[in-house]
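Engineer: Below are the structure tokens for one structure; questions will follow.
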Amino acid sequence: MKPTTLKTPLVLVNLKCYTESIGNGAHRIARAAREVSDESGITIALAPLYMDIHPIIHHYDIPVFAQHVDPVEPGAHTGRMPLPAIKSAGAIGSLVNHSEYRLSVADIEKNVTALRQAQMLSCVCSNNVATTKALAALGPDYVAIEPPELIGGKMSVSEANPEIITGSVDAVRNINSSVKVLTGAGIHSGTCVKTAVELGTEGVLLASSVVKAEDPAAILRDLVSLL
């Protein structure tokens, strides 16, 4: 699946490293994502653990991002994950600078440039408007706004701090209008997603509300229900 086939609004689900998203759990969520995407016509992408990238793409044909890529060339880097490895597995892009895996500005730029050169998508995470401005100048495909204090909670950023979304959208448009903005942190309902889109973003980045759900398909249906 080519990155240019992704359409907005985008629902990007980061599976993280929860027990519920390892192995069979990743397949359970991928089946739900494929089912709800087919029903709704909304793009639902996943960012699973590295070892689940290829199986999910092979069995479910949905857009898959890596959760992280190391800014290193292939070589003597035991335990690292160079970009050619995630591309070989079938990922169409990668999260960069997630709040749980922060990078230096130099390494963010290196990753964004490498992903662009490999014709892959970059989704760079930001925690405030000032950081968003700096990241937009690097020209990633997406900037995801995620105040760390709201991640994993029941209060979404679109409810708790809409100004950070509108401020980020304005900043990105002023610096590089080709960069798309996603809303992250605490996204758990269709109302959250609808509000995020109404505030000017192109979709959402979320995790626990889907990953830890007993019925991921039901949660995904609710998330896309008002789009």
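The values are calculated or read from the model by the stated rules, or taken from the named source; none is laboratory data. Quantities reported herein were computed from a predicted structural model and do not represent experimental measurements. We place every Cβ from the backbone using ideal geometry, glycine too, and count neighbours over all the protein chains shown.
Engineer: Against the condition in a loop (DSSP other than H, G, I, E, B), modelled with pLDDT of 95 or more, out of contact with any helix residue (DSSP H, G or I) (no Cβ under 7 Å at 6 or more places or on another chain) and surrounded by fewer than 20 Cβ atoms within 10 Å (Cβ to Cβ), how does Thr78 come out, does it pass?
Structural biologist: Yes, satisfied.
Engineer: Is it the case that the range 89-96 has a residue that's surrounded by fewer than 20 Cβ atoms within 10 Å (Cβ to Cβ) and either of a type in the set (Gly, Ala, Ser) or without any contact (Cβ under 8 Å) to a residue 40 or more places away in the chain (or both)?
Structural biologist: There is at least one residue in the range 89-96 that is surrounded by fewer than 20 Cβ atoms within 10 Å (Cβ to Cβ) and either of a type in the set (Gly, Ala, Ser) or without any contact (Cβ under 8 Å) to a residue 40 or more places away in the chain (or both).
Engineer: What single numbered condition from (1) in contact with a Pro (Cβ under 6 Å, 6 or more places away or on another chain); (2) buried (at least 16 other Cβ atoms within 10 Å of the Cβ); (3) assigned to a loop (DSSP other than H, G, I, E, B) fails to hold for Ala32?
Structural biologist: Condition (3) is where Ala32 drops out.
Engineer: Take the range 166-196 and flag every residue that is of a type in the set (A, V, I, L, M) and under 15 Å from the mean Cα position of the chain (by Cα).
Structural biologist: The answer is Val179, Val181, Leu182, Ala185, Ile187, Val193, Ala196.
Engineer: Sticking with this structure for a sec: Working only within the range 110-146, note down all residues that are at pLDDT 95 or above and β-branched (Val, Ile, Thr).
Structural biologist: Across the range 110-146, the qualifying residues are Val112, Thr113, Val124, Val143.
Engineer: I'd like the residue in the range 152-188 that is in contact with an Asp or Glu (Cβ under 8 Å, 6 or more places away or on another chain), in a loop (DSSP other than H, G, I, E, B) and modelled with pLDDT under 90 and, out of all such residues, is farthest from Leu220 (Cα to Cα).
Structural biologist: This residue is Ala185.
Engineer: Could you list all residues from the range 39-68 that are assigned to a helix (DSSP H, G or I) and not polar (S, T, N, Q)?
Structural biologist: Across the range 39-68, the qualifying residues are Glu39, Tyr50, Met51, Asp52, Ile53, His54, Pro55, Ile56, Ile57, His58, His59, Tyr60.
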